[in-house]
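A short worksheet on the structure shown next.
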There are 2 protein chains.
Amino acid sequence: MKTYNNINRSEWPELCRRPQVNSTELGSVVNQVFDAVHNNGDTAVLQYTEQFDNVKLESLLVTEDEWAAGVAEVPLQLQAAIQQAKKNIETFHSQQVAPKIEVETESGVVCWQETRGIQKVGLYIPGGSAPLFSTVLMLAVPAKLAGCEEVVLCTPPDKRGNIAAAILYAAEITGVTKIVKAGGIQAIAALTYGTESVPQVYKIFGPGNQYVTAAKQKAFATGTAIDLPAGPSEVLVLADESAVPAFVASDLLSQAEHGMDSQVVLVSLSENLPGKVSEEIEKQLPLLPRADIARKALENARLLYFKSREEALGFVNAYAPEHFIVSVEEEDYFLNNIQNAGSVFIGNYSPESAGDYLSGTNHTLPTNGFARSFGSLGLADFTKKISFQRISKTGLQNIGNSILQMARAEGLEAHAQAVELRMKSEK
Amino acid sequence: MKTYNNINRSEWPELCRRPQVNSTELGSVVNQVFDAVHNNGDTAVLQYTEQFDNVKLESLLVTEDEWAAGVAEVPLQLQAAIQQAKKNIETFHSQQVAPKIEVETESGVVCWQETRGIQKVGLYIPGGSAPLFSTVLMLAVPAKLAGCEEVVLCTPPDKRGNIAAAILYAAEITGVTKIVKAGGIQAIAALTYGTESVPQVYKIFGPGNQYVTAAKQKAFATGTAIDLPAGPSEVLVLADESAVPAFVASDLLSQAEHGMDSQVVLVSLSENLPGKVSEEIEKQLPLLPRADIARKALENARLLYFKSREEALGFVNAYAPEHFIVSVEEEDYFLNNIQNAGSVFIGNYSPESAGDYLSGTNHTLPTNGFARSFGSLGLADFTKKISFQRISKTGLQNIGNSILQMARAEGLEAHAQAVELRMKSEK
């Protein structure tokens with residue numbers, strides 16, 4: 001951890017910098033796997049699963065029996081917790097249903113916009129040290145609410161070829177239609193092209209390592225939409241004397257335990273707070289099972305003291321944090337003026353973990369400064385909007401002359417003709 | 001043009017295929033230009049403008065005097081037409097303002113979502129044979145409504161180093177903040193990195209050729225958001241006996257004149273209509289100034305006859321047209337069941353040109369099958385949504401145990417600690 005006082009604006013770019021992920025070297029392996037899956041379908045996916053995940057599978061799909069058996073394995077208390085999370089995520093995301101908008105822009109010119117669910121979506125759930133079943137909820141709940149018809153979940157199997165029971169349970173209660181035992185580039189390629197067992201989808205969601213991220217970029221270039229570019233997770237805690245140092249420390253630590261590349265920033269309006277928080281971190285850190293990871297991540301942590309709230313706000317907006325915890329007395333000033341952040345946690349009793357699991361907001365959020373242009377994932381990301389216009393003959397008379405003017409000024413005579421023909425028609 | 005009857009579903013993929021654009025070869029020139037602009041700023045942009053656009057500029061920005069002089073050159077009738085278009089686009093897009101949503105998911109757990117404009121956006125307007133000032137309206141009007149603070153327009157200068165007057169006029173009345181005389185890869189690179197005269201932006205919008213499209217993909221990989229992947233424009237007209245063949249022909253032609261790679265499809269529910277439409281095309285085509293381009297595009301046109309409305313609908317959804325003209329008696333069946341389309345034009349008096357210029361809908365639409373996952377560009381694309389949560393101590397007690405369950409099942413003890421510490425606190 002490094003503490004900074006008297007910060008000059010010229011230092012902001014450096015303080016906002018995230019670790020560079022170099023993705024160019026991944027290009028050739030991504031292309032190779034995509035080509036193989038395009039040409040050989042399931043066979044290629046199975047082959048890469050053996051090569052990369054060290055497990056030889058007979059088939060890619062989780063069978064109904066396997067799925068049911070997994071569901072039954074989940075302890076009742078955990079089931080209840082997952083159900084509560086699901087309920088809250090549903091409550092928040094169902095508020096996001098976009099109303100049909102309609103307006104008569106000119107007499108006889110009626111325009112409206114309707115929303116449709118994306119028919120086929122793919123959800124990527126990373127494997128690794130822990131089964132991230134909470135991400136299943138965050139992706140599958142809005143997919144279902146949006147009316148997506150086919151919801152295909154891909155996740156890498158463990159060494160025995162199984163998928164974690166909690167993932168199967170979360171997928172079951174959220175209406176996932178198929179679970180594919182595949183991870184990494186080969187999973188994204190299968191969703192992009194479709195194979196014998198994996199349906200081709202129109203949009204791919206979900207976090208992943210740099211291979212998955214590079215594969216998603218490739219999918220996008222190939223014609224499949226993606227949600228947002230995923231990078232290492234990050235938190236920025238804004239705090240003053242009203243914050244509880246132990247709470248702040250626990251939030252920084254819960255970010256730090258995610259991974260060694262996690263980004264942890266404290267923006268303090270109190271000069272003493274960084275020291276107190278550091279002490280608390282030292283107290284809490286040794287008790288954590290993932291202390292080594294957290295300690296490594298904290299090496300890059302930045303504890304910043306700003307004298308003025310204007311400078312502090314300016315820095316937060318420049319940093320554009322994925323998670324933004326606001327634990328200050330003058331919270332309204334920051335809430336009203338925050339421009340760039342993924343999800344905001346207010347007060348001493350709103351830890352990031354609440355949004356990661358239970359509050360109802362989505363935990364799929366823009367990282368690496370993308371909060372300047374991307375928002376939190378939500379229902380809208382699983383839908384698209386179609387425009388409609390119904391123009392009467394009178395309506396066309398009302399806008400026709402202007403169309404002729406503009407089309408001809410753009411050199412598009414056939415565009416003008418399509419209107420003039422109708423304006424002159426006797427029908 | 002090719003006419004198809006008795007179409008088998010197995011032929012759909014071929015009939016839905018768009019011409020492949022091979023973008024891999026562009027990678028090295030895109031990287032080279034990006035690196036040069038990153039390192040040398042304005043100097044590099046000016047150099048490439050000389051190299052690619054054959055014009056040696058002194059500086060990149062349109063000056064105030066230049067801008068005012070251009071505005072004064074636009075004929076009054078065209079000004080009035082542009083003003084009418086602007087008004088209608090404003091009317092339709094201002095309906096799209098997203099309301100704040102707020103819900104208490106559990107007692108003491110209040111979640112809400114607020115919308116913010118993206119602070120800095122870049123608008124790309126292609127050069128070429130005609131000045132596409134209508135696209136300025138389609139991008140700058142929603143940018144302004146969304147509250148974007150910096151709106152930077154890039155467009156290539158003509159051989160004398162000037163920007164078309166109508167573009168300057170459209171930019172003036174829509175509140176564009178800067179106009180940069182640069183096109184192609186160097187323009188996108190300048191918006192991505194920022195230079196001495198060009199501000200770095202957070203999202204880049206607008207159509208362009210394959211160089212611009214490849215550059216936008218690179219911008220996205222570099223950390224700048226983009227609107228949607230642009231491809232050649234396309235129209236699918238659905239028609240039956242109630243359609244006027246001359247109108248249908250004029251719509252197909254107004255698509256065909258865009259470019260030789262434009263996609264033109266007729267889905268007919270009447271067996272005779274394709275013949276009648278072909279005759280009308282032959283009548284209207286020779287009168288067009290861009291007849292050569294249109295004739296070339298029509299070589300790939302497909303006139304399809306479907307016996308059943310179900311098959312016709314299925315095909316339209318599989319094709320996912322950018323523009324979808326519905327000129328049939330049973331229009332409700334198609335309007336209710338269309339899943340994949342960018343913008344829909346209903347009835348005999350709603351030509352595509354109306355949406356291109358005046359109805360108020362946006363003409364920036366998904367091509368190349370992307371209508372399966374992307375909608376029409378709209379106000380939302382110039383904004384992002386931030387989630388907020390304010391949890392009271394009681395609220396945390398209500399969801400805390402479930403967070404502990406889930407965090408521990410995911411192996412994230414620090415996440416659990418951040419909650420447990422607060423639940424046990426005396427404060």
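The values are calculated or read from the model by the stated rules, or taken from the named source; none is laboratory data. Keep in mind that what you see is a predicted model, and the values were worked out from it rather than measured. A quick note on method: Cβ atoms are made from the backbone with ideal geometry, for glycine too, and the neighbour counts reach across all protein chains shown. Just the protein is used for accessible areas: all its heavy atoms, side chains included, with ligands, DNA and RNA removed. Shrake-Rupley method; radii C 1.70, N 1.55, O 1.52, S 1.80 Å.
Brief remarks follow.
- When the residues of region B:121-130 are filtered to those that are more than 9 Å from chain A (Cβ to nearest Cβ) and not in a strand (DSSP E or B), the one that is most open to solvent (accessible area, probe 1.4 Å) is B:GLY128.
- Region B:244-253, residues that are of a type in the set (Gly, Ala, Ser) and open to solvent by 10 Å² or more (accessible area, probe 1.4 Å): B:ALA246
- A:ARG422 being under 18 Å from B:HIS323 (Cβ atoms), assigned to a helix (DSSP H, G or I) and at the interface with another protein chain (Cβ under 7 Å from one of its Cβ atoms): yes
- Condition met for A:PRO13 (in contact with a helix residue (DSSP H, G or I) (Cβ under 9 Å, 6 or more places away or on another chain) and at pLDDT 95 or above): no
- Taken as a whole, the condition of being open to solvent by less than 40 Å² (accessible area, probe 1.4 Å), within 24 Å of B:SER376 (Cα to Cα), of a type in the set (A, V, I, L, M, F, W, C) and modelled with pLDDT of 95 or more does not apply to B:LEU304.
- Within region B:95-109, considering residues that are more than 9 Å from chain A (Cβ to nearest Cβ) and in contact (Cβ under 8 Å) with a residue 40 or more places away in the chain, the one nearest to A:GLY342 (Cα to Cα): B:VAL97
- Just one of the listed residues (A:ALA225, A:ALA221, A:ALA230, A:ALA215) is away from every other protein chain (no Cβ under 11 Å), farther than 30 Å from B:LEU421 by Cβ and either small (Gly, Ala, Ser) or open to solvent by less than 10 Å² (accessible area, probe 1.4 Å) (or both), namely A:ALA215.
- Candidate set: region B:328-369, residues that are outside any loop (DSSP other than H, G, I, E, B) and open to solvent by 10 Å² or more (accessible area, probe 1.4 Å); chosen: the one farthest from the other protein chains (Cβ to nearest Cβ): B:TYR333
- Those strands (runs of 3 or more DSSP E) lying entirely in region B:1-120 with at least 2 residues open to solvent by 30 Å² or more (accessible area, probe 1.4 Å) and not acidic (Asp, Glu): B:2-4, B:109-117
- Taking strands (runs of 3 or more DSSP E) as the structural unit, those lying wholly within region B:131-212 and holding at least 2 residues that are open to solvent by 10 Å² or more (accessible area, probe 1.4 Å) and among the basic types (Lys, Arg) correspond to B:178-181.
- Members of region A:218-249 found to be assigned to a helix (DSSP H, G or I) and modelled with pLDDT under 90, listed by number: A:ALA221, A:THR222
- Pairing residues of region B:380-394 that are more than 14 Å from A:LEU358 (Cβ to Cβ) and more than 7 Å from chain A (Cβ to nearest Cβ) with residues that are charged (D, E, K, R) and open to solvent by less than 50 Å² (accessible area, probe 1.4 Å), at Cβ distances under 9 Å and at least 6 apart in sequence or on separate chains, gives B:ASP381/B:LYS203; B:ASP381/B:ASP227; B:PHE382/B:LYS203; B:THR383/B:ARG116.
- A:SER134 modelled with pLDDT under 95, within 14 Å of chain B (Cβ to nearest Cβ) and over 22 Å from B:ALA320 (Cα atoms): no
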